Amino acid sequence: MNCEADIRALLPRASEVIAELSAEQINWRPAEGSWSIGECLGHLNTVNQLYAGAIQRGITEARQRGWKATGQPKLGLLERWFVETLEPPYKLKFKAPSKFRPPATVFDRDSLLAEWTSTHERLAELAREARDVDMKRVKVVSPATPLLKVSLLCALMIPSAHDRRHLWQAGLVRERLSTR
């Protein structure tokens, strides 16, 4: 698994989802309680920034402890299941923890895309940095709850799967825009 390539492959997706949309369209909600395209991307930006910090701490710990890579890491059964639950089309729906919820704001395309690009460049760089450490041995505390710890490999895979989930959701909202 090349986490860096996976993250970099997602870089253009946010631009594609909001291409040629007005601010009103980016912020339109298809139903009460559902998220707009801007909220989907704002949520991803928030979550990915938090994961980047947790991943950085995991890499730092691995280096301090001298845990070097020893081959191609693989996810365990539970971690693989968890990452798969994030992929679209999803069967399990989760309520976003308060710190993961999109900010209550009117979203602007340029700000969303600038933050998206910056965060994904940082995640890709972290994935590159993590190649020389034992990604299975080091555990990363989930930004959602300190009770959940996953391998560094899993922590690097979560943002991409989670991005695909909410980009798919944003794409569905975009489709609904054309029918209203």
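Here is how the numbers come out for the structure above:
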item: Mean Kyte hydropathy of -0.5 or more with a Cα span along the axis of at least 20 Å, helices from DSSP in the chain; result: 37-65, 152-177
item: Choice from Glu129, Glu32, Glu61 showing the highest fluctuation, given a GNM over the chain with Cα pairs closer than 10 Å; result: Glu32
item: Placed amide H near Ser151: partners under 5 Å, 5+ positions off or other chain; result: Val140
item: Phi to ³J(HN,Hα) by Karplus 6.51 cos²θ - 1.76 cosθ + 1.60 over region 134-142, Hz, x for Gly, Pro; result: 6, 6, 8, 6, 6, 9, 10, 6, 5
item: Gaussian network model of the chain, springs between alpha carbon atoms under 10 Å - residue of Ala14, Ala23, Ala62 with greatest fluctuation; result: Ala23
item: Unit charges at the beta carbon, dipole of the chain: most positive-side option, Ala31, Val173, Leu156; result: Leu156
item: Whole-number percent relative contact order across the chain, with pairs defined as alpha carbons under 8 Å at least 6 apart; result: 41
item: Debye intensity ratio I(q)/I(0), log10, region 22-70, q values 0.13, 0.19, 0.20, 0.22 Å⁻¹ (C-alpha model); result: -0.51, -0.68, -0.72, -0.79
item: Net charge dipole size for region 3-177 [Lys, Arg +1 and Asp, Glu -1 on Cβ; Debye, nearest 20]; result: 860
item: Where labels lie 7 Å past Cα in the beta-carbon direction, separation of Arg176 and Ala96 in nm; result: 1.5
item: Kirkwood Rh in Å, taken over all unlike Cα pairs in region 1-84; result: 16.1
item: Residue-span extension gain [Ala69 to Leu148] - 0.36 nm each, minus C-alpha spacing; result: 26.1 nm
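Laboratory data are not the source of any read-out in this text; all were calculated from the coordinates shown. All of these numbers come straight from a predicted model, not from anything done at the bench. We place every Cβ from the backbone using ideal geometry, glycine too, and count neighbours over all the protein chains shown.
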